[in-house]
């Protein structure tokens with residue numbers, strides 16, 4: 001009798017917790033890597049550490065895309081690939097922000113829209129403002145807060161996929 005009560009209690013307790021339901025190892029590794037990246041961005045992360053976490057997440061997403069066989073895993077892989085593009089664009093903006101700090105004519109708290117940043121601005125639909133400077137004409141800039149805004153876009157892109165992993169949403 002005691003064994004039955006213990007087993008029944010264990011089954012009830014385990015069904016009440018929010019355990020990931022997608023069993024594929026690549027999906028779980030990508031989920032874990034994503035959560036590490038999101039956890040770091042929520043509490044503060046250095047540029048170097050962010051790059052390391054981004055590389056890890058990128059690798060896990062590539063493996064997941066290669067090995068996804070179920071509709072749920074494919075759904076997660078697509079959502080994570082979208083999120084990865086937001087996180088990568090954020091990394092590139094952050095890199096340019098660090099580089100732009102050497103130029104006194106770029107207003108503090110802004111990133112000049114040139115080269116790679118111009119591509120990101122177009123791809124992400126980021127509004128720009130004119131950069132007023134006696135040194136350059138016709139340049140544009142964006143607020144450096146777009147680094148964090150792209151993190152938010154990455155989180156939004158994965159919310160539905162995380163629901164699939166946690167068994168709250170089903171994909172067929």
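So, in region 104-163, how many residues would count as being within 25 Å of residue 34 (Cα to Cα) and not in a helix (DSSP H, G or I)? Counting residues in region 104-163 that are within 25 Å of residue 34 (Cα to Cα) and not in a helix (DSSP H, G or I) gives 4. Of the residues contained in region 88-103, none is found to be at pLDDT below 95, surrounded by 16 or more Cβ atoms within 10 Å (Cβ to Cβ) and not in a helix (DSSP H, G or I). Tell me whether region 148-168 contains one or more residues that are closer than 20 Å to residue 24 by Cβ, without any contact (Cβ under 8 Å) to a residue 12 or more places away in the chain and surrounded by 13 or more Cβ atoms within 10 Å (Cβ to Cβ). Checked against the condition, which is being closer than 20 Å to residue 24 by Cβ, without any contact (Cβ under 8 Å) to a residue 12 or more places away in the chain and surrounded by 13 or more Cβ atoms within 10 Å (Cβ to Cβ), region 148-168 yields at least one hit. Determine, yes or no, whether residue 51 is over 19 Å from residue 149 (Cα atoms) and outside any loop (DSSP other than H, G, I, E, B). No. The residues of region 127-147 that are buried (at least 19 other Cβ atoms within 10 Å of the Cβ) and modelled with pLDDT under 95 amount to a single one, 131.
The values are calculated or read from the model by the stated rules, or taken from the named source; none is laboratory data. Note that the structure is a prediction, hence the values are computed from the model and not measured. So basically every Cβ, Gly included, is an ideal-geometry build from the backbone, and we count neighbours across all protein chains shown.
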